[in-house]
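The values are calculated or read from the model by the stated rules, or taken from the named source; none is laboratory data. All of these numbers come straight from a predicted model, not from anything done at the bench. No Cβ is skipped: glycine too gets one built from the backbone with ideal geometry, and neighbour counts run over all protein chains shown. The protein model used for the area step is the full one, side chains on, heavy atoms only, and it has no ligands, DNA or RNA in it. Shrake-Rupley method; radii C 1.70, N 1.55, O 1.52, S 1.80 Å.
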Amino acid sequence: MAYQYKQAEKEHAFQKISKDLKADKVGPVAALFGREQYLVHWSCEQIVDKYINPVCKEMDLSILEGELATVDSIKEACETFTMMSEKRVVIVKDFALLEGIKSKGFTESQENQIADYVKNIPEGCLLIITANSADKRKKLFKAINENGQTYDFEALSEKALKSFVEKRFKSAGKSAKPSIINEFVQNSGYFHKEADYTLYNLENDIRKIIAYSEGEQILLSDVLATVSGNLETSIFAMLDAISIGRKDEAYILLNSLLNAGENTYMILSLVASQFETILEVKEMLEEGKNQQQIHSILKIHEFRIKKAMSFAGRYSVDNLRKILTKVYEIDRNIKTGILEQNLALELFIAQI
């Protein structure tokens, strides 16, 4: 029998910079960039908290907006003596040059000057450059990487994201069962490839859930009532509720989608698509194929395959075929006017 060993989870940039700060290994120059600008901002705050004396913050901390920064302004900020702080901190925010984007205020010669300057940052100064992304081919990135640190704040893993949510609930005096946190994370759309959903969006949804919930315990109804996510993940949540016998929750989700103005035909189309995928996955699993093999065959997002695999264990192939037949039948009944759209969807939930 062949055994698969799970690889150790890759250390995220926020974990690395936390360790580096504790060991005083950040600097003299560092680049912070990536999808999770929430963590870029958080890391800048951690740096300021560690090295800047609050009493001298206005004198020992310089924040330069990237579009306004010049070679001279960066040099001047870095070469100003610190007062009573452990280090002088200079933050250049949203610096286009790090992304490899030409900036109006910089000629090619000036770009080279900045790349050369980061090799000789004055003692006692910490220069932080942030951006949405980084062009690793450029001279500036290479200079920072060779003379300091670069931190790429990618999307969090599922484990780290759940921990993030749990901590936010706890800090607000709330708690939630792992199953509720999982439902929230999956319904949020964070792992959906096409969704432009980051920790900023997640933080906002967490606040909505906390404000909506009445007791100390976060309930599934609190999540379903406040977090819409994207349509596809909402459909998955609805089908998940159906498959474990929580049809009341499925009705709540359905009505939430309809009240949000989602198109009935689109909902039904996605329901059909999901069950078609579940059936394909079920048949492949019975043939002995694993998740990676299924992904290479179906060419769809791993999130959908993972969810389909969880559904597949709850239904037989025959049951899935009957459900699909029912979906197609309801679609015909709606289009021919035999059933009113919303009623047809409610009947579908009742009959599965």
Listed peptides 21-29, 87-95 by packing density, highest first (mean Cβ within 10 Å): 87-95, 21-29
Principal axes of the stretch 168-283: Cα extent on each, largest first, Å: 44, 31, 30
Using the heavy atoms of the protein chains alone and a 1.4 angstrom probe, what is the accessible area of the stretch 216-352 per residue in square angstrom? 49 Å²
Within straight-line cross-link reach of K307, aspartates and glutamates at Cα separation under 17 Å, skipping those fewer than 8 residues along the same chain: E158, E183, E194, E232, D240, E276, E280, E283, E286
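In the neighborhood of T80, defined by Cβ-to-Cβ distances under 11 Å, what is the net charge if each Lys or Arg adds +1 and each Asp or Glu adds -1? Could you put the intermediate results ahead of the total?
Working: positive: K75, R88; negative: D60, E76, E79.
Net of charged neighbours comes to -1.
Are there any helices in the chain, counted as whole DSSP H runs, that stretch 30 Å or more along their axis by Cα and score at least -0.5 on average by Kyte-Doolittle, and if so which?
Details: long enough: 264-286 (33 Å, 0.67).
The qualifying helices are 264-286.
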Rounded to a whole %, the carbon-and-sulfur portion of the accessible area of the chain at a 1.4 Å probe is 49 percent
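Which percent of the Cα-Cα distances in the stretch 1-113 go past 25 Å?
Details: 2161 of 6328 pairs.
More than 25 Å apart: 34 percent of the Cα pairs in the stretch 1-113.
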So how many Å³ per residue does the convex hull of the Cα atoms of the stretch 228-335 work out to? 100 Å³
Lys and Arg at +1, Asp and Glu at -1: add these up for the other residues within a Cβ distance under 15 Å of N342 and post the number. -3
Just to be sure I understand the curve: with the Debye formula and one point per C-alpha of the chain, what is log10 I(q)/I(0) at q = 0.09, 0.11, 0.14 Å⁻¹? -0.67, -0.87, -1.10
Placing +1 at every Lys and Arg Cβ and -1 at every Asp and Glu Cβ, with all other atoms neutral, what dipole size does the chain have around its Cα centre, in debye to the nearest 20? 760 debye
Whole-number accessible area per residue in Å² for the stretch 27-71, which is evaluated in the context of all protein chains at 1.4 Å: 47 Å²
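Summing +1 for each Lys or Arg and -1 for each Asp or Glu, what net charge is found among the other residues whose Cβ lies under 11 Å from the Cβ of D94?
Numbers: positive: K93; negative: E65, E67, E99.
With Lys, Arg at +1 and Asp, Glu at -1, the neighbours total -2.
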Relative packing of 261-270, 197-206, 287-296, which averages over residues the other C-beta atoms within 10 Å, highest first: 197-206, 261-270, 287-296
